[in-house]
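The values are calculated or read from the model by the stated rules, or taken from the named source; none is laboratory data. This structure is a prediction, so every number in the text was calculated from the model and none was measured. Don't worry about glycine lacking a Cβ; one is built from the backbone with ideal geometry, like all the others, and counts go over all protein chains shown.
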Amino acid sequence: MSEIPAKATESEDPSDGARRSAAGDAAAHTTRATTGGPGPSSSGGLSSRDRATRDTGLGDEPTADAMWQSSPPGSIYDYIKVASFSIGPDGLVDQWSLRAEQLFGIPARRALGMDPIKAFVDPDLREHGQRKMAEILDGREWTGVVPFRTPGTAGEGDEKEGLAEVYVMPTRTEEGEKAAVCIVVDVRTLRSIETDLAASQSIFGQSPFGFLLIDPDLRIRRANQQFAQTFGGAYGSSPEDHRGRGVHDYLRSPEAERVAATLRRVLETGDSITDMHVTGFLPGSEERRHWSVNLYRVHSGSGRPIGIAWLGIDITSRRAAAREAAAARRNLALLNEAGARIGNSLDLETTARELLDVVVPGFCDLATVDLYQGLLAGDETPPGLVDGSAELRRVAFASAVSDAPFIGSGPPVAVGAVHHYPFNSPCADAMRTARPQLVPAEEGGLVQSTLAVPMVAHDTVVGLAQFARTKGSEPFGDRDRDLAVELAARAAVCIDNARLYRREHERALILQRSLLPPGDPVAAGLDIACRYLPGNSSSDRPSEVGGDWFDVIELPGHRTALVVGDVMGRGLRAAVAMGELRSAVRTLALLDLEPAEVLSALDEIARGLGAPGGVQQATRAARRPREADLSEVYLATCVYAVYDSVTRRCTFANAGHLPPVLVEPGEDALMLDVPPGMPLGVGGEPFEEVEVELPEGALLALYTDGLVESRDHPLDEGLQAFVGALTDPAHPSPDQPSATAPRVGTHRNLEDVCDHVLATLDTHHGEDDIALLMARVQGLPADSVGDWTLPREPRSVGRAREYARGQLLSWDLEPLVDTTELLVSELVTNALRYGEGEIRLRLLLNRTLVCEVWDSGLVQPRRRRARDTDEGGRGLQLVGLLSAAWGSRRTPRGKTVWFELPLPDGETGLTDPAEALLSLF
């Protein structure tokens, strides 16, 4: 460079300093490459120094255009594409570089020896060009923008035109002759670079995002102002202050290692990264920030990787908004799930567990539910409810953490245990104030945050729910507290409804059971066993009391009425209707009506149950549809049977009920063909009677539909299962072969038969109540009956007394002889005086002594009070005084008047006939 004289610049289109500097650097480089002597080079335009560099391998690997690169990555020469050639003392080209071939499109073999003025300069400018060339060869430098054209390789149509910035520097050959070196740059390339630099600076500097250029060593080569302002607290607010810094200067481990590994992967593979989330802290702040980063590899003009572009934006507020939206969606989903899952069962414990199934683990990690013990027991306001000191029972606990303890201060409380919270504890305060409280976490414990939320229903606190999150989970916030209050309130309403239902259900059960026969019913000539089972609750249908009932009513003459009925519907209404019908059946039975008449009267009563004015009002409402809509309809089914222990005959009448089942000794069970008739409350249809003679030891079964009906199978299948349960042989004893094993219904204990039937049909019921009444026939022995027919004459009175005395003495009932003779005399006398036809006297001995006097008259005896001056009219009064019970009933051929005396047992004293007679006066 010392050979280059002072530069005298004359430019037709001078460029800026950057271009001149670039041209100068290129000129220096080319000068060094060409200072070796004039003339063409045998190496295609390379000097001896270039060839030496090539041969020694000091340059980079050759590219497709046979160029060695020794400049650092991102060299300006990758973009400028500088071309050079040299001019000898004769003004002709004596060296031609490869870049000159690319720029002008003329190979070296043609270019060498060419006159550059004639070859490239427009003819109009050639004279001026010749003067300039002479000046240059005379030792002057020159630079300027020159339009040029090349002859091309295919003729005139293949000429190439352009605009080049030329820098010509004089030099000398080894022989000392004057020569020149020409540096040529395509002006269009320079202007493109200028435009690209301006656009890059604008985009890089004015970007609202943090923009970095990171070199292959993962150091910041360049940063924009936005990044510098964001992280200026520690390193300065100027982009230059961040040059050379790395990832670990801004991020903490292990986030820094993750980001650095990602940068290396992008640099190695060239795969771009879009929306990578980076978490860190601003300098001087402990607030966690979030950024979204896009990464892509940057290449030089020749395609060589020179670094990584980093484009980042702060998304902390967006992440916060997303978290809020996600939390709102989660809370809404929890509320929807709570509405769908909580309250499906009217059971307190089940409802509490449903709440915990919703909140664990979707809302918290641990949860418990405590309910007031007094409310569970049915008290409206248990003591201590106001100040929060009442006893509680833990009804539910759930945990998403294995082996997690029961939450709460103090010792652990197990499910089902009764406890109370200290007066000054946050839990007690939450129940007193009906406001949620945050329970402090115990040091070293698993739980980091606990909410104690009172369960409020209808302005009444019914219990406390606790929700806890373990360490590592996000602590409860205001939104979580509001959600917990809403969830607890929903569960509290369902729990309170379940509590009210349980209370009403228990009351209804008490009412229902009080209307059923107490203990084991006793009947003359029958062995009785019965079962009553309330319906079981299911997940989709809670258990309610039903209208099933059964009854055993003793009738005069050692007869028994067996009743089984079922009021349609469930709940307290059905239980009350059942009680009214049962009372009506007992009243009608005491009138000693026939079974069909009893059902007819019951039908009228059932029709009047739903109308305030009774059956007449119900009849009028049925005729007027508008009033019919206002009246309730009570429908019921019932089977009514009367068994006579003397004749072993049973008369049945059925009102829409299932048929009775009869098991005769040694026979299979069968359903009796009793016309079902219409249910009670329908009205308008008469009922039929069926009389069946029952053999000794036969088993009669009456039941309700809950035993045989289910939603899981047809009714016929249940009936066949019931019949089969009564038909199957019992388990044989060791000394009795199975072939001769007795039938279930005819030989086994009746209580065992009931248990066997219920156990066998256990899969066939569950939703409805079950009433089962079984009776085994034990007819009155013939020697326990005295039966005589008396003619209609006065002597029959004395003869009746004789028959009665003799029969009582044969039964060893001498203490009853006098009283019986007196009462028999009164009844036979009345039959002679007021009755018709023959007189029949019958004495029956069982648990009591019954005397019956039959005649063909239809006039019923009527008891009246005689005056002191009357000589008669005191017979029935005397019967009432001396007997335990008396009455009359109609028969198909007249009437029967009867009285009953208790058997002497040493405890029950008999009324003295003389004293009774004197008491009438």
Fill in: In region 781-802, the residues that are touching a residue at least 40 places away in the same chain (Cβ under 8 Å) and part of a helix (DSSP H, G or I)
SER784, SER796, ALA800
Worksheet item: Could you say which residue among SER317, SER292, SER302 is among the hydroxyl-bearing types (Ser, Thr, Tyr), within 30 Å of ILE220 (Cα to Cα) and surrounded by fewer than 14 Cβ atoms within 10 Å (Cβ to Cβ)?
Response: SER317
Response to the item:
Within region 795-808, residues being of a type outside the set (S, T, N, Q) and in contact with a helix residue (DSSP H, G or I) (Cβ under 7 Å, 6 or more places away or on another chain) number 6
Worksheet item: Is it true that THR637 is closer than 16 Å to HIS657 by Cα, of a type in the set (S, T, N, Q) and at pLDDT 85 or above?
Response: yes
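One line per residue, one yes/no per condition, for (1) at pLDDT 80 or above; (2) not in a helix (DSSP H, G or I):
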residue	(1), (2)
GLY129	yes, no
MET133	yes, no
ARG149	no, yes
GLY152	no, yes
GLY162	no, yes
VAL166	yes, yes
MET169	yes, yes
ALA180	yes, yes
Discussion item. If I filter region 186-204 for residues that are outside any helix (DSSP H, G or I) and in the same structural domain as ARG99 (by TED's automatic domain parsing), do I get at least one hit?
Written reply: yes
Discussion item. Give all pairs with beta carbons closer than 9 Å in which a residue from region 288-312 that is more than 16 Å from PRO208 (Cβ to Cβ) meets a residue that is among the basic types (Lys, Arg) and modelled with pLDDT under 85; count only pairs at least 6 apart in sequence or on separate chains.
Written reply: GLY301/LYS81
Fill in: Residue that is surrounded by the fewest Cβ atoms within 10 Å (Cβ to Cβ), among those in region 654-688 that are part of a loop (DSSP other than H, G, I, E, B) and small (Gly, Ala, Ser)
GLY684
Fill in: Only one of PHE397, PHE363, PHE476 that is in a strand (DSSP E or B), modelled with pLDDT of 85 or more and surrounded by 13 or more Cβ atoms within 10 Å (Cβ to Cβ)
PHE397
Practice prompt. Go through region 307-342 and give me each residue that's under 21 Å from SER399 (Cα atoms) and of a type outside the set (S, T, N, Q).
Written response: ARG330, ALA333, LEU334, LEU335, GLU337, ALA338, ARG341, ILE342
Worksheet item: Say we look at region 366-394 and pick out the residues that are at pLDDT below 90 and acidic (Asp, Glu); which of these is surrounded by the fewest Cβ atoms within 10 Å (Cβ to Cβ)?
Response: GLU380
Worksheet item: Within region 771-778, is even one residue out of contact with any Gly (no Cβ under 6 Å at 6 or more places or on another chain), closer than 15 Å to CYS851 by Cβ and not β-branched (Val, Ile, Thr)?
Response: no
Worksheet entry | region 479-498 - residue that is of a type outside the set (A, V, I, L, M, F, W, C) and touching a Gly at 6+ places or on another chain (Cβ under 8 Å) and, of those, modelled with the highest pLDDT | ARG490
Fill in: Single residue of region 639-653 satisfying the filter (of a type outside the set (Val, Ile, Thr) and out of contact with any Phe, Trp or Tyr (no Cβ under 9 Å at 6 or more places or on another chain)) that is surrounded by the most Cβ atoms within 10 Å (Cβ to Cβ)
TYR643
Worksheet, complete the sentence: Checked ALA741, ALA775, ALA771, ALA730 against criteria (surrounded by 18 or more Cβ atoms within 10 Å (Cβ to Cβ) and modelled with pLDDT under 50); the one match is ALA730
Worksheet item: Within the bounds of region 821-829, is there any residue that is among the acidic types (Asp, Glu) and free of Cβ contacts under 8 Å to residues at least 12 places away in the same chain?
Response: no
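Restricting attention to region 62-118, and to residues there that are basic (Lys, Arg) and closer than 20 Å to LEU163 by Cβ, which single residue is modelled with the highest pLDDT? Step through it out loud before you land on a result.
Pass one, region 62-118, residues basic (Lys, Arg): 81, 99, 109-110, 118.
With closer than 20 Å to LEU163 by Cβ added as a condition, the list becomes 81, 99, 118.
On the way: LYS81: 73, ARG99: 85, LYS118: 82.
Only one residue fits best here, namely ARG99.
Does ARG264 fit the bill of being basic (Lys, Arg) and either at pLDDT 90 or above or out of contact with any Leu (no Cβ under 7 Å at 6 or more places or on another chain) (or both)?
It is true that ARG264 is basic (Lys, Arg) and either at pLDDT 90 or above or out of contact with any Leu (no Cβ under 7 Å at 6 or more places or on another chain) (or both).
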Discussion item. Quick check on region 566-575. Is at least one of its residues modelled with pLDDT of 80 or more, closer than 26 Å to LEU772 by Cα, surrounded by fewer than 22 Cβ atoms within 10 Å (Cβ to Cβ) and outside the structural domain of THR351 (by TED's automatic domain parsing)?
Written reply: yes
Worksheet item: Looking at this structure, is PRO254 in contact (Cβ under 8 Å) with a residue 12 or more places away in the chain and farther than 14 Å from VAL293 by Cβ?
Response: no
